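The values are calculated or read from the model by the stated rules, or taken from the named source; none is laboratory data. These numbers come from a predicted model, not from an experiment. Heads up, the Cβs are rebuilt from the backbone with ideal geometry, glycines too, and the neighbour counts pull from every protein chain shown. Side chains are part of the model used for accessible areas, which takes the heavy atoms of the whole protein and leaves out ligands, DNA and RNA. Shrake-Rupley method; radii C 1.70, N 1.55, O 1.52, S 1.80 Å.
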Amino acid sequence: MKKFLSSFVTFWVIWTALSGFETQEMIVGAIASLVLAFVVSQYLNFSFNLSIIYRVFVFIFVYIPVFLYKMLLSNLDVARRVLSPKIPLNPGFVKIKTDIKSKTGKLTLANSITLTPGTMSVDVDDQYIYVHWIDVKGERIEDYSKEVSGSFEKILGGIFK
């Protein structure tokens, strides 16, 4: 049953992505995906945990808006620094502690940090991400972690386990 549901969801998502979100197309896609999953699922050696649907929903509707908001704020900060050269800079390398265990989660966190202007991930090891930051604030790892990756890691920790 798990293989059948995994196949159906995969086929239907692919159908919907290729054909669009019109009601008729989604109904035809669901029927075609059911038939195809019924025929093919017994030959596939593939299934996924259905909690992935919840995690994808959280990623799209929670994480991406937070990321875009943080990116906008960072862009405005860097633009302000470029246009007002008298603003003091305090560049440096900081060590960010992460509790995310998944390699994909760490990669997503490091890329999110890099895509936010003013920061760039340089290296990742077991528990830490090393980041070059345009304006270092704080003096402890906890301060750096809260400022640079706090909102990202809180959401990504629930998605990537």
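Can you name the condition, by its number, that Phe21 falls short on among (1) among the hydrophobic types (A, V, I, L, M, F, W, C); (2) over 27 Å from Thr114 (Cβ atoms); (3) assigned to a helix (DSSP H, G or I); (4) open to solvent by 50 Å² or more (accessible area, probe 1.4 Å)?
Here Phe21 meets the rest and fails (3).
May I ask you to list the residues in segment 123-161 that are hydrophobic (A, V, I, L, M, F, W, C) and either modelled with pLDDT of 80 or more or not assigned by the TED database to the domain that holds Gly92 (or both)?
Once the filter is applied, which keeps residues that are hydrophobic (A, V, I, L, M, F, W, C) and either modelled with pLDDT of 80 or more or not assigned by the TED database to the domain that holds Gly92 (or both), segment 123-161 yields Val124, Ile129, Val131, Trp133, Ile134, Val136, Phe152, Ile155, Leu156, Ile159, Phe160.
Do any residues in segment 29-51 that are at negative phi have Cβ atoms under 7 Å from those of residues that are of a type in the set (Gly, Ala, Ser), where the two are at least six apart or on different chains, and which pairs are they?
Gly29/Ser19; Ala37/Ser7; Val40/Ser7; Ser41/Ser7; Leu44/Ser7; Phe46/Ser6; Ser47/Ser6; Phe48/Ser6
Could you list, in sequence order, all residues of segment 24-46 that are outside any helix (DSSP H, G or I) and either out of contact with any helix residue (DSSP H, G or I) (no Cβ under 9 Å at 6 or more places or on another chain) or open to solvent by 60 Å² or more (accessible area, probe 1.4 Å) (or both)?
Gln42, Tyr43, Asn45, Phe46
Would you pick out the residues in segment 68-100 that are of a type in the set (Lys, Arg) and out of contact with any helix residue (DSSP H, G or I) (no Cβ under 9 Å at 6 or more places or on another chain)?
Of everything in segment 68-100, those that are of a type in the set (Lys, Arg) and out of contact with any helix residue (DSSP H, G or I) (no Cβ under 9 Å at 6 or more places or on another chain) turn out to be Arg80, Arg81, Lys86.
(1) touching an Asp or Glu at 6+ places or on another chain (Cβ under 9 Å); (2) on the phi > 0 side of the Ramachandran plot: which one isn't true of Gly20, the others all being true?
It is condition (1) that Gly20 fails.
Would you mind stating whether Met71 is touching a residue at least 24 places away in the same chain (Cβ under 8 Å), farther than 25 Å from Val13 by Cβ, assigned by the TED database to the domain that holds Ser149 and surrounded by 13 or more Cβ atoms within 10 Å (Cβ to Cβ)?
In short, yes.
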